[in-house]
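Asks: Next up is a structure, given as C-alpha cells.
The numbers here are math on the coordinates, done by the rules we state, and not lab data. Fair warning: this is a prediction, and the values are worked out from it, not measured in the lab. Methodologically, a virtual Cβ is constructed for each residue, glycine included, from the backbone with ideal geometry; neighbour enumeration extends over all protein chains shown.
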Amino acid sequence: MQRCLDSSRHGGHNSSQGTEPVNPEGNSTVIFEREGVFIHLNTEELEDQDSLISGFLRIVDKDGETFVDYKPLEDTVDPSNMLCACKDSSSVVEWTQRPHRPVDQPLSYETEWDMVNTVSFKRKVHSNGEGVSNHLNERTKWAFSFNVADLRSVTVKCEGWSYLVFCLRDDTTLPALHFHQGGSQAFLDGLRKSVQLGESPEDENVLLVGSYNKAFSQSFENLLDDTNYGLVQKFKKDPYTATLGGFSKVTNYFFDAFRHSESECQQRPTEEMADLLGELIPGLEINQQEEPGFEVITRVDLGPRPEVHRSGPVMLEDWAKHQDSEGRVSNVPHLKHLIFKGGLCHAVRKEAWKFLLGYYPWDSTYEERKNLQKRKTDEYFRMKLQWKSVSEEQEKRNSRLRDYKSLIEKDVNRTDRNNKFYEGLENPGLILLHDILMTYCMYDFDLGYVQGMSDLLSPVLYVLENEVDAFWCFVSFMDQMHENFEEQMQGMKAQLVHLSTLLRLLDLAFWNYLEAQDSGYLYFCFRWLLIRFKRELHFQDVLRLWEVMWTGLPCQNVHLLVCCAILDSEKHKIMDRHYGFNEILKHINELSMKLDIEEVLIKSEAIYMQIRNCKDLPPSVSEILGLNTVSHSSALDPTQEYGVLESPHNSPRPQHRRDQDFSNGHGLLQETSHSRWKDTFIS
C-alpha cells in the first residue's frame with residue numbers, strides 16, 4: 001500500500017501522542033493533538049491565505065469513548081460550542097482548555113517532571129442545532145467532532161503532503177484535513193489505539209474502520225468486533241496477530257468470534273481453523289520430530305494416583321522460627337516445603353518473596369541485606385534517570401524507546417484496575433508500575449517491553465509495596481520468564497511440546513482425542529504458560545500459585561503439571577460433549593476465574609507423585625520434570641514425599657554472580673543473543 005504519509009511521526013510543532021491523563025473530573029485523556037492542520041476552502045487558490053483554515057486536531061478519550069475533534073485556531077481563544085458531525089446532529093460538545101498545571105505532589109520516589117494538560121468536555125443538547133448557528137462564522141463553521149464509533153473509513157492521499165478524508169457510517173463526508181507540516185502518520189497511530197484500520201480490498205488509499213470489542217478491553221489487545229468481517233479476515237486485519245502479544249489473546253479471540261458469529265465458525269472446517277494459527281503466528285510451527293528429546297510415547301501403566309493433602313499457610317511465627325539472631329534463614333529445605341504445602345500468609349509475603357525470587361540470599365544477615373538494598377537503590381535510580389532525562393527532541397529520534405513507552409502507557413492503564421491498589425485516576429500504584437517497566441527497558445533494552453509483562457509485575461509490586469524492591473524481584477522473575485517474551489518464541493514452543501508429551505503419558509486417549517480435533521499441540525494453553533495463569537485465577541489465588549511454584553518443588557516445570565491438572569479435570573466434559581476445535585477453545589477460555597486453586601494444586605502434586613512412582617517412565621518425561629536430578633534419599637524427613645529440587649528455571653543465580661550482573665546495569669541476559677521485539681503494524 002503506497003501512500004504519501006509523512007516520514008516523521010512526531011515532526012512539526014505542537015504535536016503530541018499518548019499524552020498524560022487530563023481533567024480527572026471528566027475522565028478525559030488526550031491521545032493525540034496537533035496544531036496547524038488545514039482545511040482548503042478553494043484548492044485552486046492555495047496562495048490566498050483566506051482559502052486556508054488552520055485548526056487544532058485532537059483525539060480524546062472521554063469516559064471510555066473516543067472522539068476526533070477539529071477546531072479552527074481562531075475559535076480556540078474564545079471557547080464556544082462545536083457542532084458534532086455524527087448521527088445525532090443535535091449533540092453539541094463544548095470545548096474548553098485549562099492552563100497547564102504541575103502535579104501537586106510527587107507520586108513516586110523522586111520528583112516527577114510531568115506537566116498535566118487538562119481538557120474538559122461539557123455536553124449540551126439543542127433541537128436540530130438551534131442555538132448554535134449564532135456562534136458560527138466563515139471559519140468556525142468548519143469545526144467538527146465525531147465519535148470514532150461512527151467512523152466508516154479514512155482516505156489517505158498525497159499532494160506533496162498527506163491529507164485525510166473521513167467518511168462516517170451515515171455517509172457523511174467531512175472536509176479533508178491537510179497536514180502541511182507532517183503528523184498524519186502520528187494521527188493514524190493514535191486512531192489505531194481505539195479502532196482497527198485495515199486496507200480496503202477495492203482501494204489501497206482507503207482504510208476501513210472496525211471497532212474494538214469493549215467486552216475484552218482488559219485482555220492483551222482490544223479485539224476486532226465487526227460482524228462484517230469473517231473470522232479469517234479478522235485475523236488477517238489484526239496488526240498484532242503476528243506478534244507474541246497477539247498470540248497471547250488467541251483464546252479470547254476465538255471465544256469472541258464464536259459467541260458473536262457461532263454459525264460462521266461452525267461452517268469452517270476444523271483443519272482450516274487449526275492451520276490458520278500456524279500461518280498467522282510465525283515461528284510457532286511445531287515439528288516434534290525436530291524437537292530435541294522427542295520420543296514416541298505408548299501407553300504406560302502409571303499406577304494409582306496417590307491422595308494428597310495440603311496444609312495451612314506459613315505464619316509470621318513460623319517464618320521467625322527459621323531465622324537466627326543475625327537474620328540468616330535456617331533449614332531452608334524444610335521452610336520451602338512448608339511454603340509448597342500451604343503457601344504464605346500475606347503478612348509474610350513482603351519479606352519471603354524477596355528470598356523466593358533470589359533478591360535476598362537465604363544465608364544473608366540483616367546487615368548484609370541492608371547494604372544490598374542500598375546498592376540496588378542507587379543502581380535502580382541511575383537506570384531510571386536514563387529514561388527520565390530523555391528530552392522530547394531525543395525521544396523523537398529514538399523510535400524504540402517511543403514504542404516501548406507507548407505500549408507501557410497503554411498496558412498500565414488497563415492492568416488490574418479492579419484491584420484497589422491500582423484503581424482510580426492518578427493512582428500512585430499505576431505510576432510505580434509505569435516507572436518500573438520503563439526502567440526495565442533500560443536494564444534489558446534488547447527485550448524492552450512486551451505485552452504481558454505488566455501482568456507479571458503487578459502482583460509483585462502489590463505485595464512488596466516498594467519501587468526498588470519490586471523492580472529487582474521483577475528482574476529475577478523475568479530471568480525465569482524471559483524466553484516467553486522473545487521474538488523467536490523458542491521457550492513457548494518447547495513448553496507446548498513438553499506439555500503435549502506429559503499429557504500423552506497421563507492420558508493417551510484424551511491426547512488422541514485432542515489430536516483428532518487438531519488441538520494436539522495445546523495452543524489453547526498458550527496464555528496459561530505465557531503469564532503463569534495470571535488471567536485465569538483470582539488475584540489472591542495468583543499470589544498463592546506463584547509462591548508455591550517459586551519454591552522449586554516438587555520438580556522443575558511444575559507449571560506444566562498445573563496445566564495437566566486443569567485439563568485432567570475438564571477432559572471428560574470435552575470428550576463426552578464431543579467438543580471440536582472451536583468449542584475446545586471456547587470452553588478453555590471460559591474457565592477463567594472459575595478455577596479452585598487449592599484443588600488445582602492438590603491434583604498437580606498428585607500427578608507428580610504418580611509420575612515419580614512409575615518404574616517405566618520414558619526418559620523424555622524424566623528430563624522434562626528433572627527427575628533424574630532428584631535424589632529420593634534426600635527426603636527431608638520420613639513424612640515427606642520428596643526432596644528439594646533447585647531447577648534451572650526456579651532457582652536464583654548465585655548472589656555474587658547477580659551482583660556482578662547488576663553492577664553493569666545490563667544483567668546476565670545480555671550474555672545471550674536476544675532478538676529485538678518487533679511489533680507488526682499495518683502500514
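Asks: Leu344's amide H: which non-local residues (gap 5+, or another chain) put their own amide H closer than 5 Å, with H modeled 1.01 Å from N in plane and none for Pro or chain starts?
Replies: Long-range HN contacts for Leu344: Val314.
Asks: Need one word for the stretch 501-640: rounded, prolate or oblate. Basis is the Cα gyration tensor (sqrt eigenvalues a ≥ b ≥ c); a/c below 1.5 gives rounded, then a/b vs b/c decides.
Replies: oblate
Asks: Is the stretch 364-465 rounded, prolate or oblate when judged by the Cα gyration tensor, a ≥ b ≥ c being the square roots of its eigenvalues, rounded requiring a/c under 1.5 and prolate requiring a/b larger than b/c?
Replies: Oblate, because a/c is 1.5 or more while a/b does not exceed b/c.
Asks: So what are the ³J(HN,Hα) numbers for the stretch 599-612, from phi and the Karplus equation (6.51, -1.76, 1.60; θ = phi - 60°), rounded to whole Hz, Gly and Pro as x?
Replies: 5, 5, 5, 4, 5, 4, 5, 5, 4, 4, 5, 5, 5, 4
Asks: Take the alpha carbon gyration tensor of the stretch 386-521, find the square roots of its eigenvalues, order them as a ≥ b ≥ c, and report rounded if a/c is under 1.5; if not, report prolate when a/b exceeds b/c, else oblate.
Replies: In terms of gyration-tensor shape, prolate.
Asks: Taking R0 as 41 Å, what's the FRET efficiency between His334 and Asp576 from their Cβ-Cβ distance, rounded to 0.05?
Replies: Efficiency computed from Cβ-Cβ geometry: 0.40.
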